[in-house]
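One structure is given here, and the rest of the page talks about it.
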Amino acid sequence: MFSWLVWRDLILAWRRRADVLATVFFFIIVTSLFPLGIGPERETLKTIAPGVVWVAALLASMLSLGRIFGNDYQDGTLEQLVLTPQPTYLVVLAKVLAHWIISELPLVVIAPVLGLQFGLSENSLVIVIASLLLGTPVLSVIGSIGAALTLGLRAANVLVALLVLPLYIPVLIFGSGAVQASLTGASPQAWLLLLAATLVVSLVFAPWATSAALKISVE
Amino acid sequence: MLEAINVTCVRGTRRLFKDLNFAVARGELIELRGPNGSGKTSLLRILCGLATPAAGDVLWDGTNIRSLGEEYSASVAYLGHQNAVKDELTAIENLRISSGVAGHALDKGEAQRVLAQVGLTQQQNLPARVLSAGQRRRLAMTRLLTANATLWILDEVLTSLDQAAMGLSRDFMTEHLKNGGAAIVATHQDLNLTASSVKRLQLS
């Protein structure tokens, strides 16, 4: 069941590529605006780089949250998913995994290239990738709660932002903290461990919340 | 097998029905009738476990469906107003993926056989986007054939079907009842099933 659902979402995303590309281009454009707006001062760019990359990643992943359940909700597939003989928890995990592969993984891949604009060293770029790899799944799984709660509402996009962005704050602090630490020559290990802990906790608990929210939304 | 005890449904501030009692046994079909807005869909959604009744219980073999959870879902196939068909996928992909997700994967041959049963052989490689409303309904009906469910819960199953497809769905229902299944069907048309075990439930 699990792999079929992930596979289905990947095929659907491939046939609706424009949606996925929009997220990636948003990420590229937002991060590129900062060097243009602030000027080519190397040191300033380096200082703001961790924050900018991470904030842009948060916003870009926000954009795609509506798609986790939105289309399935509209065509009735979501009801069928809730009624499958497997726990809704697994359905949510599969949808979140697919969302991460579709909308977040491209951000992780493109981030080092964007980091170059800010003059980040090779070592820091590795930390950018590592922190995003650990942090973006948290964004997907926590975002799924907001996405499930706002299904079928009119101002869903704005509401998701208000619900989910405050919950993203720890990820933002730990993620940009890791990159910042690597810039100053300190060890980013502690930050990465904190991110990993956040990932584990949110993977265990957030899908429960999402399944409960889904059941309310389809009722 | 399925038993509704004093089921009451409230939508917003309006009470749709109150203290509804009925039971379905194997080989039995309940034809659910009632004007628009009388709560047919709400009742069906309560029966399949998507919604909770304001009061009352739904029992499956004597146990509340709330406590059965996924075990109950495995014995029920629900076909709602919406077809749950993905526009971007072809007919055969829709069938194979939806049955894979529901936990009983079909290989290509099996899927083609099921599509032939509902008369979609020619359309199997067309994206569902270009199928007509009736063809999409036929595609949704394949879910009943593959689900292996004891209880079918069907909401307006005959809408946008042509004569041939209506005949088909009647055949499917008769066959299902003969095999010891049960069904609850909300409808405005007469089902005209040859089986004698059809009960009628009227909502006002």
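The values are calculated or read from the model by the stated rules, or taken from the named source; none is laboratory data. None of these values were measured; they are calculated from a predicted model. Please note: Cβ atoms are built from the backbone with ideal geometry, for glycine as well, and neighbour counts cover all protein chains shown.
Answer yes or no: is there a residue in the range B:157-179 that is closer than 21 Å to residue B:49 by Cα, touching a residue at least 40 places away in the same chain (Cβ under 8 Å) and outside any helix (DSSP H, G or I). Yes, the range B:157-179 has at least one match. When we screen A:185, A:135, A:119, A:175 for residues that are within 21 Å of residue A:30 (Cα to Cα), at pLDDT below 90 and not charged (D, E, K, R), the only hit is A:119. Taken over the range A:201-219, the criterion of being free of Cβ contacts under 8 Å to residues at least 24 places away in the same chain, in a helix (DSSP H, G or I) and either in contact with a strand residue (DSSP E or B) (Cβ under 8 Å, 6 or more places away or on another chain) or of a type outside the set (Val, Ile, Thr) (or both) is satisfied by A:205, A:212.
Looking only at residues of the range B:34-67 that are buried (at least 17 other Cβ atoms within 10 Å of the Cβ) and of a type in the set (D, E, K, R), we find that the one that is nearest to the chain's Cα centre (by Cα) is B:45. Taking each residue of the range B:1-29 that is on the phi > 0 side of the Ramachandran plot and looking for partners that are polar (S, T, N, Q) with beta-carbon atoms closer than 6 Å, six or more apart or interchain, yields B:19/B:6; B:27/B:197. Of all residues assigned to the range A:127-136, at least one qualifies as being within 16 Å of residue A:181 (Cα to Cα) and without any contact (Cβ under 8 Å) to a residue 40 or more places away in the chain.
Number of residues in the range A:175-217 that are among the hydrophobic types (A, V, I, L, M, F, W, C), crowded, with 23+ Cβ neighbours inside 10 Å and farther than 15 Å from residue A:129 by Cβ equals 1.
Counting only residues that are more than 16 Å from the chain's Cα centre (by Cα) and under 21 Å from residue A:6 (Cβ atoms), the range A:19-73 holds 4 of them. Condition (residue is closer than 19 Å to residue A:133 by Cα, in contact with a Ser or Thr (Cβ under 9 Å, 6 or more places away or on another chain) and either more than 14 Å from every other protein chain (Cβ to nearest Cβ) or surrounded by 18 or more Cβ atoms within 10 Å (Cβ to Cβ) (or both)) applied to the range A:37-49: is it met by at least one residue? Scanning the range A:37-49, I find at least one residue that is closer than 19 Å to residue A:133 by Cα, in contact with a Ser or Thr (Cβ under 9 Å, 6 or more places away or on another chain) and either more than 14 Å from every other protein chain (Cβ to nearest Cβ) or surrounded by 18 or more Cβ atoms within 10 Å (Cβ to Cβ) (or both), so the answer is yes. Annotation: residue A:67 fulfils all but one of (1) under 30 Å from residue B:44 (Cα atoms); (2) modelled with pLDDT of 90 or more; (3) within 14 Å of another protein chain (Cβ to nearest Cβ); the unmet one is (2). A single entry from B:125, B:179, B:192 fulfils the requirement of being at positive phi and not hydrophobic (A, V, I, L, M, F, W, C): B:192.
Residues in the range B:86-98 that are more than 7 Å from chain A (Cβ to nearest Cβ) and β-branched (Val, Ile, Thr): B:90, B:92. The number of residues in the range B:10-33 being under 17 Å from residue B:81 (Cβ atoms) and buried (at least 20 other Cβ atoms within 10 Å of the Cβ) comes to 2. Residues in the range B:113-122: is at least one in contact with a strand residue (DSSP E or B) (Cβ under 9 Å, 6 or more places away or on another chain), among the polar types (S, T, N, Q), under 30 Å from residue B:190 (Cα atoms) and more than 14 Å from chain A (Cβ to nearest Cβ)? No: zero hits.
Scoring residue B:133 on the criteria (1) more than 12 Å from chain A (Cβ to nearest Cβ); (2) more than 18 Å from the chain's Cα centre (by Cα); (3) modelled with pLDDT under 90 leaves a single failure, condition (2).
Rundown of residues vs (1) farther than 20 Å from residue B:173 by Cβ; (2) within 12 Å of another protein chain (Cβ to nearest Cβ), yes/no style:
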| residue | (1), (2) |
| --- | --- |
| B:127 | yes, yes |
| B:140 | no, yes |
| B:147 | no, yes |
| B:152 | no, no |
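The condition of being facing chain A (nearest Cβ under 9 Å), closer than 26 Å to residue B:184 by Cβ and either surrounded by 16 or more Cβ atoms within 10 Å (Cβ to Cβ) or within 20 Å of the chain's Cα centre (by Cα) (or both) holds for only one of B:104, B:81, that being B:81. Taking residues in the range A:9-24 that are within 11 Å of chain B (Cβ to nearest Cβ) and of a type in the set (Gly, Ala, Ser), and partners anywhere that are surrounded by 15 or more Cβ atoms within 10 Å (Cβ to Cβ) and assigned to a helix (DSSP H, G or I), the pairs with Cβ atoms closer than 8 Å and at least 6 places apart or on different chains are A:13/A:19; A:13/A:20; A:13/A:98; A:13/A:102.
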